[in-house]
1. When you go through 13, 56, 64 one by one, which is the residue that is modelled with pLDDT under 85 and not in a loop (DSSP other than H, G, I, E, B)?
2. Select from region 211-241 the residues that are surrounded by 14 or more Cβ atoms within 10 Å (Cβ to Cβ) and closer than 25 Å to residue 311 by Cα and list them in ascending order.
3. Which of the strands (runs of 3 or more DSSP E) found entirely inside region 182-298 contain at least 2 residues meeting this: closer than 25 Å to residue 312 by Cα?
4. Counting just the residues of region 25-40 that are within 14 Å of residue 99 (Cα to Cα) and touching a residue at least 24 places away in the same chain (Cβ under 8 Å), which one comes out surrounded by the fewest Cβ atoms within 10 Å (Cβ to Cβ)?
5. Among the residues of region 178-193 satisfying the criterion of being under 13 Å from the mean Cα position of the chain (by Cα) and at pLDDT 85 or above, which is farthest from residue 122 (Cα to Cα)?
6. Have a look at 128, 120, 51, 87 and point out the one that is assigned to a loop (DSSP other than H, G, I, E, B) and either modelled with pLDDT of 80 or more or over 23 Å from the mean Cα position of the chain (by Cα) (or both).
7. Would you pick out the residues in region 300-311 that are surrounded by 21 or more Cβ atoms within 10 Å (Cβ to Cβ) and not in a loop (DSSP other than H, G, I, E, B)?
């Protein structure tokens, strides 16, 4: 298994010249938001129509504010009309439209209200400059350069990471501490968020909720009166389209056994820092607590999970050894084969 490394960079701001902060961009055929980000900074894009007086006034106001702060980038995208290709590409139906992207190109906000922009920009500025990468991936060198790490190849710290688990642990802990310092709470094994910003889409998977699989290769999970049904659509697009037109797009479907339901619930729910409640287990699996409680108590004696009257969660040590915890609940047919199957979280 490839050893996962953490690319950790200094947290000081990358210096930029005055001319880099504010730029007006001609939205030609090759225009994309990603190509116009200000390196290592939050970037605010403003789509506006210069011929509209209120749009131009808004643009001038944002320019003045950006120059005074000097901590985020501004990209002005003037539109002749709402019929130009770029407006269609990004669904611009009215102007001005504001989009805030973080230093990695993730969209933090899209709005038509200027008063909502400040909070999103502030959140982006506070983001820690940390990125987790695979040390053996050619993308590591590219990422390092993109984030302002220099013009050379991957630094030695990345190349030797797999030989220095102590260094890996120190960097990991420093990254978590930095995220906490800027208001990001760990709510899942590998996920952090500000207050109220947890990903509801992923929480549904981790809490063993249902979801529809739409498209080639998609997987779905449905809770029915007869049990929990898993479905998989045909992977090859052409086959999928042919089958779908005949209302026959499902390549495989089956009901989970009781052992599989218990295991897959824990596979997901124990990833959450808050764990799960006993009520959630009963409602989501249709199983009694006796299906997992005795084995959970054994694992709790090893200090890997914490139990109380309301539910269970992995301890800090349990998070580090989560695979070992889950192996205790592997269905008999798969015991000893490792945690290689996909589980219930789609890729």
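The values are calculated or read from the model by the stated rules, or taken from the named source; none is laboratory data. If you're wondering where the values come from, they're calculated on a predicted model, not measured in any experiment. Counting neighbours? That spans all protein chains shown, and the Cβs are built from the backbone with ideal geometry, glycine included.
1. After ruling out the rest, the residue left standing is 64.
2. Answer for region 211-241, where residues must be surrounded by 14 or more Cβ atoms within 10 Å (Cβ to Cβ) and closer than 25 Å to residue 311 by Cα: 211, 221, 222, 223, 227, 228.
3. 185-188, 191-193, 219-224, 227-233
4. Within region 25-40, the match that is surrounded by the fewest Cβ atoms within 10 Å (Cβ to Cβ) is 34.
5. Of everything passing the filter in region 178-193, 189 is farthest from residue 122 (Cα to Cα).
6. Among 128, 120, 51, 87, only 51 is assigned to a loop (DSSP other than H, G, I, E, B) and either modelled with pLDDT of 80 or more or over 23 Å from the mean Cα position of the chain (by Cα) (or both).
7. 305
Rundown of residues vs (1) without any contact (Cβ under 8 Å) to a residue 40 or more places away in the chain; (2) touching a strand residue (DSSP E or B) at 6+ places or on another chain (Cβ under 6 Å); (3) closer than 27 Å to residue 299 by Cβ, yes/no style:
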residue: 176; (1), (2), (3): yes, no, yes
residue: 186; (1), (2), (3): no, yes, yes
residue: 194; (1), (2), (3): no, no, no
residue: 199; (1), (2), (3): yes, no, no
residue: 207; (1), (2), (3): no, no, yes
residue: 210; (1), (2), (3): yes, yes, no
residue: 227; (1), (2), (3): no, yes, yes
residue: 241; (1), (2), (3): yes, no, no
residue: 264; (1), (2), (3): no, no, yes
